[in-house]
Amino acid sequence: MTMSSKDKPVRLLSGGNPQIPKGEGDVAVRAYLNAMPGWKHAVGKELDALIERAVPEVHKAVKWNSPFYGIKGEGWFLSYHCFTRYIKVTFFRGTDLRPVPPESSKVKGVRYFHIFENEVLDEAAFSDWVRQASCLPGDKL
């Protein structure tokens with residue numbers, strides 16, 4: 001268990017993913033980020049900051065114990081989720097990005113990007129994917 005910003009224990013699900021109530025906006029995503037365990041906490045904050053810089057008008061929410069990013073009224077373009085050894089970033093229209101994110105999916109159009117501990121994130125490449133993804137039609141999940 002970790003503590004939330006309100007000092008309430010947050011249950012960590014399988015792989016260390018925080019169990020955060022569904023919610024809209026920055027407050028819900030901040031609760032998720034604050035509950036991310038270990039090295040994933042710093043990476044999650046970095047991802048959030050990069051997404052905000054790339055898409056200043058980004059809309060945020062927590063759904064299914066994962067932060068989602070999109071354009072209000074247009075749908076979601078990105079999400080991420082903690083697993084035991086990595087953070088899985090989901091680009092909902094990933095096959096439309098150039099270059100295509102490296103990890104395939106069984107879901108048509110979806111591509112993943114995995115971030116492992118002690119790995120240096122290529123901020124420019126990630127930000128470029130985020131900008132591209134934000135210009136595509138979003139998913140109405």
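Restricting attention to region 92-141, which trypsin sites (Lys or Arg not before Pro) occupy a DSSP loop and are surrounded by at most 11 other Cβ atoms within 10 Å?
Lys106, Lys108, Lys140
Please report, in Å, the Rg and the Dmax of the chain, where both are computed over Cα atoms only.
Cα-based Rg and Dmax for the chain come out at 14.1, 42 Å.
So which of Lys88/Lys108; Lys72/Lys140; Lys40/Lys88; Lys60/Lys140; Lys60/Lys88; Lys60/Lys108 end up more than 20 Å apart, counting from Cα to Cα?
Too far apart for the 20 Å limit: Lys60/Lys108.
Using the Cβ atoms and a cut-off under 14 Å, what net charge is assigned to the surroundings of Ser134, where Lys and Arg are +1 and Asp and Glu are -1? If you can, show how the numbers build up before the last one.
Details: positive: Arg53, Lys60, Lys72, Arg93, Arg131; negative: Glu52, Glu57, Glu74, Asp96, Asp128, Asp139.
Charge balance in the 14 Å sphere: -1.
How many nm separate the modelled label positions at Arg85 and Arg53, each set 7 Å beyond the Cα in the direction of the Cβ?
With each label placed 7 Å out from Cα toward Cβ, I get 3.0 nm.
Treating the beta-carbon of each Lys and Arg as +1 and of each Asp and Glu as -1, no other charges, what is the dipole magnitude of region 2-134 about its Cα centre, to the nearest 20 debye?
The calculation lands at about 520 debye.
Under the rule a/c < 1.5 gives rounded, and otherwise a/b versus b/c splits prolate from oblate, where does region 39-87 land using the Cα gyration tensor?
oblate
Once you list every other residue whose beta carbon is under 12 Å from the beta carbon of His41, what net charge do they have if Lys and Arg are +1 and Asp and Glu are -1?
Net local charge, His41 excluded: 0.
Along the charge dipole of region 2-134, pointing to its positive end and built from +1/-1 on Cβ of Lys, Arg, Asp and Glu, which listed residue (Ala124, His114, Pro9) has its Cα farthest out?
Value computed over the given set: Pro9.
How about region 1-87: which GluC sites (Glu not before Pro) there are in a DSSP loop, with at most 14 other Cβ atoms within 10 Å of their Cβ? Mind dumping the intermediate values first?
Working: sites: Glu24, Glu46, Glu52, Glu57, Glu74; in loops: Glu57, Glu74.
Those that pass, being in a loop and sparsely packed, are Glu57.
Cα centroids of region 87-123 and region 47-73: how far apart, whole angstrom?
Comparing the Cα centres of region 87-123 and region 47-73, I get a distance of 16 Å.
Read-outs: derived from the displayed coordinates by stated rules, not from any lab. Because the structure is a prediction, the values reported are computed rather than measured. Backbone-built Cβ (ideal geometry, glycine too); neighbour counts: all protein chains shown.
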